[in-house]
Amino acid sequence: MAQFIKLVFQLLVLIALFLSALWLFVARPFNFTTTREKVSITADPSRLEDTVRKLSLTMGPRDFNHQQQLSTIADDTAYTFQTHNARVSLQTYLVNDICFHNVISEYGLPDSEGTIIIGAHYDTYGELPGADDNASGVAALFELGRMFSQQPPPMKVLLVAYPLEEPPFFRTNDMGSYVHAASLKHSKEKVRLMISLEMIGYFSDAPNSQRYSPSALSWIFPTTGNFIAVVGPPSISSATISLKKAITRSTELAALSINAPSLLPGVDFSDHLNYWKHDFDAVMVTDTAFLRNQNYHTEKDLPETLDYHRMAQVVTGVHSYVMNSN
């Protein structure tokens, strides 16, 4: 009997160790310190703020009911990318006989490892300002375009601005990101990684400003919302860790990563989900949206609520990741 109890105890210990190892692989909560590197080019907070203000205050409404306004924003986005000497194209598609446009800008040259795609949606939920959701992501695309024009990436990079990410089109084939991902699959484009920039401007140093779902995640992750998160699927890909390290290595901003299944609320709540559907490696960079930003999907999601200094560090970190990916 004693021998049996001993075997059961050993089995339980092994199961506990296995589950702990599995959790660490999936959650990857720790942010190991890395040597700070000097970067030759950084994002400009004032440029980011100017773009957020323009999109959220003067170019709205940006919801699906205002197709003409979305077309104007697409044209303006294309023009901005062109000023960065990018190769720019519009990917036009029909939804209910109405034209919508992905705006695609290309930098660098193809290499054997494949293309990096960085995307953000420019539409909003209803007639809301959408400063964080997601003018912040589009502003980051513009700033990355400027940075890539000054320092060309060592591989082919596509910056893509999408319409129709928000309801009622979310999780449908009418999302701009679905159309783009499907076209890459059809053309057999080799994709190294897709990075979705989804709400990257809201930070707080207040205690308990960061929530989680489920709440038990707060036992492992910080409860102060002063970090950026890199979110990926539960796979063997090292992209989440590599991108997290690039941010912490090149900036003063704290970055955390998690690899978790879509069952965890929020893990697939943006355009990267459509690249997963087409078997491409993809991650989301986010301030965790409604888990931190109480202005989410309200009229209070305004430019003055964002932290452009930290937002610039997110952009600098993403740029650093791309420039050092070869």
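The values are calculated or read from the model by the stated rules, or taken from the named source; none is laboratory data. Just so it is clear, the structure is predicted and the values come from calculations on it, not from any experiment. No Cβ is skipped: glycine too gets one built from the backbone with ideal geometry, and neighbour counts run over all protein chains shown.
Couple of notes before you dig in:
- The conditions of being touching a Ser or Thr at 6+ places or on another chain (Cβ under 7 Å) and within 26 Å of Tyr202 (Cα to Cα) are not met by Phe64.
- Restricting attention to the stretch 271-295, the residues being touching a residue at least 60 places away in the same chain (Cβ under 8 Å), over 21 Å from Phe221 (Cα atoms) and under 16 Å from the mean Cα position of the chain (by Cα) number 8.
- Matching residues in the stretch 188-200 - criterion: being more than 22 Å from Thr305 (Cβ to Cβ) and either surrounded by 17 or more Cβ atoms within 10 Å (Cβ to Cβ) or acidic (Asp, Glu) (or both): Glu189, Val191, Arg192, Leu193, Met194, Ile195
- Filtered residues of the stretch 40-58 (kept if crowded, with 18+ Cβ neighbours inside 10 Å and among the aliphatic types (A, V, I, L, M)): Ala43, Leu48, Val52, Leu55
- Of the residues screened, Phe203 is one that is buried (at least 17 other Cβ atoms within 10 Å of the Cβ), in contact with an Asp or Glu (Cβ under 7 Å, 6 or more places away or on another chain) and of a type in the set (Phe, Trp, Tyr).
- Pick from the stretch 117-153, criterion among the acidic types (Asp, Glu) and either closer than 19 Å to Asp44 by Cβ or modelled with pLDDT under 95 (or both), ranking: surrounded by the most Cβ atoms within 10 Å (Cβ to Cβ): Asp132
- Taken over the stretch 154-173, the residue count meeting the criterion of being crowded, with 18+ Cβ neighbours inside 10 Å and of a type outside the set (Ser, Thr, Tyr) is 12.
- Number of the condition not met by Asn65 [criteria: (1) of a type in the set (S, T, N, Q); (2) more than 14 Å from Glu166 (Cβ to Cβ); (3) surrounded by fewer than 17 Cβ atoms within 10 Å (Cβ to Cβ)]: (2)
- Residue in the stretch 243-261 that is surrounded by fewer than 21 Cβ atoms within 10 Å (Cβ to Cβ), closer than 22 Å to Leu48 by Cβ, touching a Leu at 6+ places or on another chain (Cβ under 8 Å) and at pLDDT 95 or above present: no
- Residue check, His180 without any contact (Cβ under 8 Å) to a residue 40 or more places away in the chain, more than 23 Å from Asn293 (Cβ to Cβ) and outside any loop (DSSP other than H, G, I, E, B): no
- Residue in the stretch 94-101 that is surrounded by 22 or more Cβ atoms within 10 Å (Cβ to Cβ) and in contact (Cβ under 8 Å) with a residue 24 or more places away in the chain present: yes
- Looking across the stretch 138-172, the residues that are under 15 Å from Ile116 (Cα atoms) and in a helix (DSSP H, G or I) come down to Leu141, Leu144, Gly145, Phe148.
- Members of the stretch 291-309 that are in contact with a helix residue (DSSP H, G or I) (Cβ under 9 Å, 6 or more places away or on another chain) and in a helix (DSSP H, G or I): Pro303, Glu304, Thr305, Tyr308, His309
- Restricting the stretch 211-236 to residues that are part of a loop (DSSP other than H, G, I, E, B) and touching a strand residue (DSSP E or B) at 6+ places or on another chain (Cβ under 8 Å), the residue that is surrounded by the most Cβ atoms within 10 Å (Cβ to Cβ): Pro233
- In the set (1) assigned to a strand (DSSP E or B); (2) over 23 Å from Pro214 (Cβ atoms), Ser257 fails one condition alone, (2).
- Close pairs from the stretch 186-197: first farther than 13 Å from Gly232 by Cα, partner part of a helix (DSSP H, G or I), Cβ under 8 Å, at least 6 apart: Val191/Leu184; Val191/Tyr275
- Residues that are over 14 Å from the mean Cα position of the chain (by Cα) and polar (S, T, N, Q), drawn from the stretch 95-152: Asn96, Asn102, Ser105, Ser112, Thr115, Thr124, Ser149, Gln150, Gln151
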